[in-house]
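The structure under discussion appears below in the form of structure tokens.
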Amino acid sequence: MSNLDVIKISISELPQLQHLSKVTFIETFAAYNTHEDMQEYLNNNLSIEKLSQELQNPNSEFYFAKLGESSIGYLKLNMAHAQTEPQEQKALEIERIYVLKEFQGIKAGQALLNKALEKAHTINAEILWLAVWEKNKNAISFYKKNKFEDFGSHIFQLGKDAQTDILMKLDLI
Ligand SMILES: CC(C)(COP(=O)(O)OP(=O)(O)OC[C@H]1O[C@@H](n2cnc3c(N)ncnc32)[C@H](O)[C@@H]1OP(=O)(O)O)[C@@H](O)C(=O)NCCC(=O)NCCS
């Protein structure tokens, strides 16, 4: 889409980032989880305080996918110690990649993923990696389409529910 852009998010856009983070998380996961577990995640992980700290971490970067003036998706990247798990190789983590439901399928997710690849090359990362819930078949298909491969699993605690995440990586060397 011609007026689709990927723009780095600044601290002044924190309220918009929080709104988009909450809406996309609810759209993606509310149907599969209890209200209490969802609420706990939203309160703990997507609070203004938490997102503000993350935005100001020099080893994390956030980007909006913009369609004209509207922010329709976002990406969170982690480098070095900001990664949620240490990796043996020099690595870049996609911690979050979300597109609003009504705008999925118009290549916004691809534009965000391309930004992650661009950043990975800039920092000479050997792998681009991520963790995805084993039941999130859509996202897994999207990553496989982009040549990511499984390399392990870990447990992700959503409220009281211990969920299995598949670890996926793309080799860059
Ligand atoms: C996964 C997600 C980011 C993909 O973004 P998107 O904007 O819908 O995908 P795009 O339109 O950019 O698609 C890019 C390519 O991937 C393919 N693709 C996207 N979703 C797919 C799916 N579910 N199955 C197979 N292929 C898929 C598209 O067909 C397209 O391929 P093409 O270029 O050959 O046509 C988006 O659907 C999303 O936000 N989902 C909910 C949040 C989520 O689960 N995030 C991941 C958490 S780990």
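The values are calculated or read from the model by the stated rules, or taken from the named source; none is laboratory data. These numbers come from a predicted model, not from an experiment. Don't worry about glycine lacking a Cβ; one is built from the backbone with ideal geometry, like all the others, and counts go over all protein chains shown. The accessibility values were calculated without ligands, DNA or RNA, using every heavy atom of the protein model including side chains. Shrake-Rupley method; radii C 1.70, N 1.55, O 1.52, S 1.80 Å.
Summary table
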item: Environment charge of Val6, counting only residues whose C-beta is closer than 15 Å and scoring Lys/Arg +1, Asp/Glu -1; result: +2
item: Over the range 12-106, volume per residue of the alpha carbon convex hull, in Å³; result: 127
item: Net lengthening on full extension, Ser141/Gln16 (0.36 nm per residue, minus Cα-Cα); result: 42.2 nm
item: Arg96 long-range amide H proximity, modeled H, under 5 Å; result: Lys76
item: Kirkwood Rh, Cα atoms: Rg over Rh of the range 93-173; result: 0.98
item: Two-site FRET efficiency, Asn124 against Ile7, from Cβ-Cβ distance with R₀ of 22 Å, rounded to 0.05; result: 0.40
item: Where only C-alpha atoms are counted, convex hull volume of the chain per residue in Å³; result: 115
item: Hz values of 3J(HN,Hα) by residue in the range 167-173 - Karplus curve (6.51, -1.76, 1.60), Gly and Pro given as x; result: 8, 10, 9, 10, 6, 10, 10
item: Alpha-carbon centroid distance for the pair the range 104-167 / the range 10-88, whole angstrom; result: 14
item: Heavy-atom accessible surface of the chain: percent carbon and sulfur, 1.4 Å; result: 49
item: Rel. contact order, % - alpha carbon contacts under 8 angstrom, at least six apart, the range 9-159; result: 21
item: Net +/- balance of residues flanking Ile127 in space, Cβ distance below 14 Å, scoring K and R +1, D and E -1; result: -3
